[in-house]
Amino acid sequence: MSPDVKPVKIAALACALITPFAATTAAHASAYPVKNPVLTKNALYESGRLPLTTCDELPVEPQNQSQARTYITEVLRCLENAWGPHLKKAGLPYEPVKVRYVKRMPKNYCGDTEVSLADSQAWYCDWDRMLTFQLGSSWLTDPSDLNLFSLASSMYGYHVQKLVGIYDAGEDLRAGSKAEHYEQSRRHHLQMECLGGVFMQSVWPIKGRTKAEWDKLVALSYGDWPGQTPEWGKTATVQRWMRAGFKTGDPGSCNTWAAPSSKVA
């Protein structure tokens, strides 16, 4: 998550701590190795680079919710134009994401959604495959940077996970401890960040933008706050996966599920 960029909540991975976790040895690269091939060897990772396309930004004035909605809708159109053909060419399922904008998140929508009117949030709810945006003042104070673009790009990553089976397979995982559950959660969220970087590379350079603006976006992105539950990843970890996706433009660089624990801390 980034400052006033992506304070995002989604329907969390299933947290039922049911199946006892077998003891691991020092030989394992991961403290809690994921064994489901849908997660670790998904065909998405072999699909190649996302095709190069273009995505021109629309103007957004400060605190103009209407323009911000139009802006995000246009970025999502670009995302469909990139990911749709790519997934279909790889023989993977595809359907457009559903999108809606609300003045205030419905209470308990797809989880705990206590959000003030001034706040901003985006949710991807897997059961209806819908992205829901509440565009409050926190995101629109200075919308001239890449924050809204990055927000849409990474949130769409959850939809990609859902389409290719990763989202559901992640929810089906069982954890033998809170530590294992949180590591699974981090693998899920960090992959979303990486897939956002993949798309941004596929449309880069964006007209009127500089590499310095991308670098600034990454530098301002952060992970779990001190004292928070460790479900998103450390700031350095979040930034590392954003850069990994952007560097290659290839979903194969986003296999967080096979990465060692140190890479998803």
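Given the structure, is Tyr167 assigned to a helix (DSSP H, G or I), out of contact with any Phe, Trp or Tyr (no Cβ under 8 Å at 6 or more places or on another chain) and free of Cβ contacts under 8 Å to residues at least 60 places away in the same chain?
no
Would you mind finding the one in Ser221, Ser253 that is surrounded by 17 or more Cβ atoms within 10 Å (Cβ to Cβ), in contact (Cβ under 8 Å) with a residue 12 or more places away in the chain, closer than 30 Å to Ala90 by Cα and out of contact with any strand residue (DSSP E or B) (no Cβ under 6 Å at 6 or more places or on another chain)?
Ser253
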Please report, ordered by residue number, the strands (runs of 3 or more DSSP E) entirely within the stretch 38-135 with at least 3 residues that are hydrophobic (A, V, I, L, M, F, W, C) and over 28 Å from Ala258 (Cβ atoms).
-> none
What pairs can you find where one residue is in the stretch 125-144 and in contact (Cβ under 8 Å) with a residue 40 or more places away in the chain, the other is part of a strand (DSSP E or B) and among the aliphatic types (A, V, I, L, M), and their Cβ atoms are less than 6 Å apart, with a gap of 6+ or different chains?
-> Leu131/Val99; Phe133/Ala122
Could you check Gly176 against (1) under 23 Å from Thr40 (Cβ atoms); (2) at pLDDT below 95; (3) surrounded by 18 or more Cβ atoms within 10 Å (Cβ to Cβ) and say which number it fails?
-> (3)
Which of (1) surrounded by 13 or more Cβ atoms within 10 Å (Cβ to Cβ); (2) within 28 Å of Arg209 (Cα to Cα) does Gly165 not meet, given it meets every other one?
-> (2)
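The values are calculated or read from the model by the stated rules, or taken from the named source; none is laboratory data. Note that this is a predicted model, so its numbers are computed, not measured. Because the Cβ atoms are built from the backbone with ideal geometry, glycine has one as well, and the counts that use them run over all protein chains shown.
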